[in-house]
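Report on the structure given below.
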Amino acid sequence: MRPLGAELIESREILPGQWLQSWHAPAIASGARAGQVVHVRTVEAGGLPLRRVFPITTADPVRGSLTIQAAGLEGPTGGSPPPWARGLREGDRLDLAGPFGRPFEVDPRARHLLLVAEGPSIAGLRLPAAVESEVESALRRSSKSPESATVASNTPGGRI
């Protein structure tokens, strides 16, 4: 699959050292399914290109956008973006390619789905938790309190 130019819509810190980036990439967003990834072509120090793989966190085919979650550096006052993303501003463009990988599948007989993740791995589970279906789902992350453990849920009160 050929890389496509994608425009950065937004980049924000969602957890210390964790950055959520929204990209305008209609060709990728229209075909993205839960469990798939994109390749982001970054330029490292010295000008060397590197292709990084990120799970697609969310995809909106109508708006033509998708989000990825990138781990940065965590410090005492929060985090800083990953080195490759520090200079990026809204409107900047990078090459993205995808979607790649086998989509996440839920057994059609399933009635409940509990997705559990820790740290940056939570990014790959946000899209499966958000997929509209008849299955009740909740996405949880490691947390010191039950109240802050639920990240996404389509059940009343986030309970399964």
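The values are calculated or read from the model by the stated rules, or taken from the named source; none is laboratory data. Note that this is a predicted model, so its numbers are computed, not measured. Ideal geometry is used to build each Cβ from the backbone, glycine not excepted, and the neighbour counts take in all protein chains shown.
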Filtering segment 1-43 for residues that are surrounded by fewer than 20 Cβ atoms within 10 Å (Cβ to Cβ), of a type in the set (Gly, Ala, Ser) and not in a strand (DSSP E or B) leaves a count of 5
Is there any pair with a first residue in segment 85-112 that is over 20 Å from Trp19 (Cβ atoms) and a second that is charged (D, E, K, R) whose Cβ atoms are under 6 Å apart and which are 6 or more apart or on different chains, and what are they?
Pro103/Arg33; His112/Glu136
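Across segment 44-63, which residue is modelled with the lowest pLDDT among those that are among the aliphatic types (A, V, I, L, M) and surrounded by fewer than 16 Cβ atoms within 10 Å (Cβ to Cβ)? I'd like the intermediate steps shown before the answer.
Step one: of segment 44-63, the residues among the aliphatic types (A, V, I, L, M) are 45, 48, 50, 53, 56, 59, 62.
Then drop every residue that is not surrounded by fewer than 16 Cβ atoms within 10 Å (Cβ to Cβ), which leaves 45, 48, 50, 53, 62.
Details: Ala45: 75, Leu48: 84, Leu50: 87, Val53: 89, Val62: 94.
Result: Ala45.
Any idea how many residues of segment 50-73 are more than 16 Å from Ala85 (Cα to Cα) and in contact with a helix residue (DSSP H, G or I) (Cβ under 8 Å, 6 or more places away or on another chain)?
Adding up the residues that qualify gives 11.
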What number of residues within segment 44-71 satisfy the criterion of being more than 15 Å from Ala97 (Cβ to Cβ), part of a strand (DSSP E or B) and in contact with a His (Cβ under 7 Å, 6 or more places away or on another chain)?
1
Leu66, sole failed condition from (1) modelled with pLDDT of 90 or more; (2) at positive phi:
(2)
